[in-house]
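Undergrad: Handing you a structure now.
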Amino acid sequence: MVGGWRRRHFSFLGFAAYRHSCSIDCMNRIIIASQFILMAIMISPPSQAIDRTSVEVQLAQRGGGDRSSQRTPSKVIKKMDEDGDGRISRDEFLGPKNRFGKLDADGDGYVTKEELEARFSKTSKGPDFSKHPNAAWYAKLPVIVTHAHIKPDIGQGDRDWEGTTENAIRQMDEHGVQASIVMSPPSNRSENSYFDDLIRVTKKYPTRFRVLGGGRSLNPMINNISRDSVDEGDRADFIARADELIAKGAIGFGETTALHFSFRSGHPFENVQPDHPLYLLLADMAAKHDVPIDIHMEAVPEKWAVSKRMRKKSSDNPAYIEENITAFERLLRHNRKARIIWVHLGMDTTGLRSPDLTRRLLQAHPNLYLSLKLIRGLNARFPIFRGGARMDPDWKRLITKFPDRFMIGAEAWYLADNSVKGFRKGIAPAVRVVRLPYLPPVVARKVAFENAQRIFKFKLINPSDYPLPAGSAEPKTMGPLSKREIRKLIVGNTLDFIAPTNGNHLFIYFDEDGSAFLKRGGRNRVFTKRWFINKKSMLCRTTRNDKKHCTKILLKNQPDQITLFNKKFRYQAKLSNGRKLPE
């Protein structure tokens, strides 16, 4: 660009000298002056000529097209994607090579549409909610943060708990946070003094803080004792530690880790399958004390090659991670009375924690709960917010469909130096889920504080103090299955009941050989199909083509009783031999 200008510049000077018959001295003065002008142009800051926020895209498109198209991810993908796979490889990228890594947020070697959207969203404006009729109601909604850390370190091994706690309360007040559930960050070494200090904080400020325990006592045992070497002594020690934490005032266990990446030197990498014997024992302890478990686990639905970006951050991160969702589901099934909170939804280091995976797990496991942590840069593939402040429709539908299962986790760090940097990275982005009218009011109130109070078994905020805006209605949810059991008198071996969601009558007949007939019909039609019990877990039927089809009706055989549970229509009935079930 400068070279072309130089040629045009000196051509103009020559023409001017010719036209005006400039002397040699005159010509020399013009040339000397022009050199100073040229030098000034060459050293001028590039920001005066190029918008740095999108320089990689502008250069990739070599200056062609208007700015609006340059910031449209789909058009950028279309221009550079040579093999048609819907993403941009490093070889396909037309911009400066050093810019590719900034766009490739997950470090997998490809730039996706979602990663471009996340990049552009840093300067995009979200929707204007100032004129929303319920904007004031959302803005005043109190929040309970369910995952926070207090860092009282002031240097040279000293800690200022009082000053850090006062700073935390001041920041909570500024952001409308009624209470924070604080805990130790995950550690691979034991230390009891940190938990004891947290307990002292909660006793002094009982309306502002609650504590989880085990991050520096139970978690080191889970991560340091191999699953094959757990003995009875380990189990006894683990149980004693868990009991002691609850006795001292913990309202749950956490933060525990199943997969935790290292982001810098000294930051721990921890990886253990969540069906580790001590994790299963922890689920039993949680059920025993009726408290939840807070678990940090990056999603790995299949064996995953750790990105170069993560390996560059820390040499402790390995090259590969084994699949962990199967083991996580074993933990969830191990004890249904154990409430498991899978934390940090919104911070997706692997790029594999998708809405589809989350939906499947929520549908399959009623004891699974989620807490939100929104941090820009680590959720480029499945961000909860897109385009600045626009909630992703898939996540919005999921939160609305399961309104009783989400909380504000945030992972706030309350620091000793009066800095709000860590706080802003955690709470400020997370609370906008409920502070702006993205969700229906009844759902927003549940996510803000109602779910936290129900799951952790305490009450600091009365929902009646924050009545729903006029016109708001409770969502149509099915409620716990235990409240939808259908109990009917059985005549012989036949049961007639009405499914709650579709109103159809179901007639079930059981034969002596263990097979069953199911007769279902509405007003105008009735049809009969033959059913049989398959592996004592499913009701299956044989079609005209002798193909077996199993329904989602589960059977649990008891001495004189069979329980039917239909996941799809959410009805449950109990059959027993000719007697009425107790009400």
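No value in this document is a laboratory result; all are computed from the given coordinates. Computed from a predicted structure; not experimentally measured. Heads up, the Cβs are rebuilt from the backbone with ideal geometry, glycines too, and the neighbour counts pull from every protein chain shown.
Undergrad: How big is the range 141-465 on each of its three principal axes, counting only the C-alpha atoms and giving the largest first in Å?
TA: Here the spans come out as 51, 43, 40 Å, largest first.
Undergrad: Going down the table (K102/K308; K248/K457; K78/K113; K151/K373; K140/K204; K75/K308), which pairs top 20 Å between alpha carbons?
TA: On the way: K102/K308 13 Å; K248/K457 16 Å; K78/K113 10 Å; K151/K373 18 Å; K140/K204 26 Å; K75/K308 27 Å.
Flagged as over cut-off: K140/K204; K75/K308.
Undergrad: By counting other Cβ atoms within 10 Å of each Cβ, how are S354, S180, S307, S226 ranked from fewest to most? Mind dumping the intermediate values first?
TA: Details: S354 16, S180 27, S307 20, S226 10.
In order of increasing Cβ crowding within 10 Å: S226, S354, S307, S180.
Undergrad: How high is the relative contact order of the range 141-465, in percent, counting Cα pairs under 8 Å that sit 6 or more residues apart? Please list the in-between numbers first.
TA: Details: 638 pairs, mean separation 62.5, N = 325.
That works out to 19 percent.
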